[in-house]
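Here the structure is laid out as structure tokens; the discussion comes afterwards.
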Amino acid sequence: MTLPLLDPTRWRRVLCVLAHPDDAEYGLSAAVEQWTRAGIEVDYLLLTSGEAGMRRSPEEAGPLRAAEQRDACDAVGVRRLAILDHPDGVLEYGLPLRRDIARAIRESGPDAVITANFDVEAYGSLNQADHRAAGLATVDAARDAGNRWVFRDLLDEGLEPWQPALLLVAGAAEPTHAVEVDVRAERAAVRSLECHRAYLADLPGHPAPGEFIPELLRRGGAEAEAERAVTFRVFPLGGIAAEE
Ligand SMILES: [Zn+2]
């Protein structure tokens, strides 16, 4: 079956919620670049600074990875990057995490919220624990953000409810939609992953971004009768853009 293309023409803003620096850089950032070039604001919320993901100490790795993520954001036109201080490797699904994500959704006011695959099995193996917690919390927070009576302390912070129209899951095993991207977006996506220079240097078996990102996008394209595409599983949430 050919995946339908997602129509972002009425979107003004997108919020990507991910566990770690570099999580956006495995295909998603190609769609992000395509969107930012079309004038859509894309914000990133990272729940940890990925401080437990390198050989060097967390004290050194956290700021280094945050800086590499800032460069990766610049490569694809993302201006607003927020990194929370939840602990990397032991991220806990729970109300504090949901509240933090709901707060960010209300602050940003996105038409679409994007997270990444949070299945137990993902990417050809077992998924990482933080990815499961981050994705599940984002699904729930995307609804919490629109409910005035959930996390009422956010109202005290001056944050009125905001219901995003869509939730998108990147890297889903069974995608429902595709975003066609061009060669410029592909190159930007390769650059965005290459920005995680020190992190990738700690992963000697990691495939070269310039080889596997184009291959990933070609595979996505094959599902959508396009040359290159990023695929998503899309869930309508009933926000403003969905009602227009
Ligand atoms: Zn990750």
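Nothing in this text is a laboratory measurement; each read-out follows from the coordinates by a stated rule. Quantities reported herein were computed from a predicted structural model and do not represent experimental measurements. FYI the Cβ positions are ideal-geometry reconstructions off the backbone, even for glycines, and counts take in every protein chain you see.
With 0.36 nm allotted per residue and the present C-alpha distance subtracted, the residue 70-residue 176 stretch has 35.1 nm of extension available. Computed on the Cα atoms alone, the convex hull of the stretch 15-109 gives a volume of 89 cubic angstrom per residue.
For the stretch 96-106, 3J(HN,Hα) computed residue by residue from phi via the Karplus equation (6.51, -1.76, 1.60; θ = phi - 60°) reads x, 5, 4, 4, 4, 6, 4, 4, 5, 5, 5 Hz, glycine and proline entered as x. At q = 0.13, 0.15 Å⁻¹, what base-10 log of I(q)/I(0) does the Debye formula yield for the stretch 13-238 when every alpha carbon is treated as an equal point scatterer in vacuo? Here log10 of I(q) over I(0) equals -0.72, -0.97. In loop segments of the stretch 97-185 as defined by DSSP, the chymotrypsin sites (Phe, Trp or Tyr not before Pro) with at most 15 further C-beta atoms inside 10 Å of their C-beta are 123, 149. Listing 138, 176, 36 from fewest to most neighbouring C-beta atoms within 10 Å gives 176, 36, 138.
A simple rule links phi to the HN-Hα coupling: the Karplus curve 6.51 cos²θ - 1.76 cosθ + 1.60 with θ = phi - 60°, which for the stretch 119-128 gives 5, 4, 9, 7, 6, x, 7, 7, 6, 7 Hz, with x for Gly and Pro.
The charge dipole of the chain, taken about its Cα centre with unit charges on the Cβ of Lys, Arg, Asp and Glu (plus for the first two, minus for the last two), comes to roughly 280 debye. Taking trypsin sites (Lys or Arg not before Pro) across the stretch 24-102, the ones in a DSSP loop with at most 10 further Cβ atoms lying within 10 angstrom of their Cβ are 55.
Across all directions, the average projected area of the convex hull around the alpha carbons of the stretch 90-142 is 3.7 nm².
Return, ordered by residue number, the residues of the stretch 56-74 whose backbone nitrogen is under 20 Å from a label point located 7 Å along Cα→Cβ of residue 202. Within reach of a label on residue 202: 56-73.
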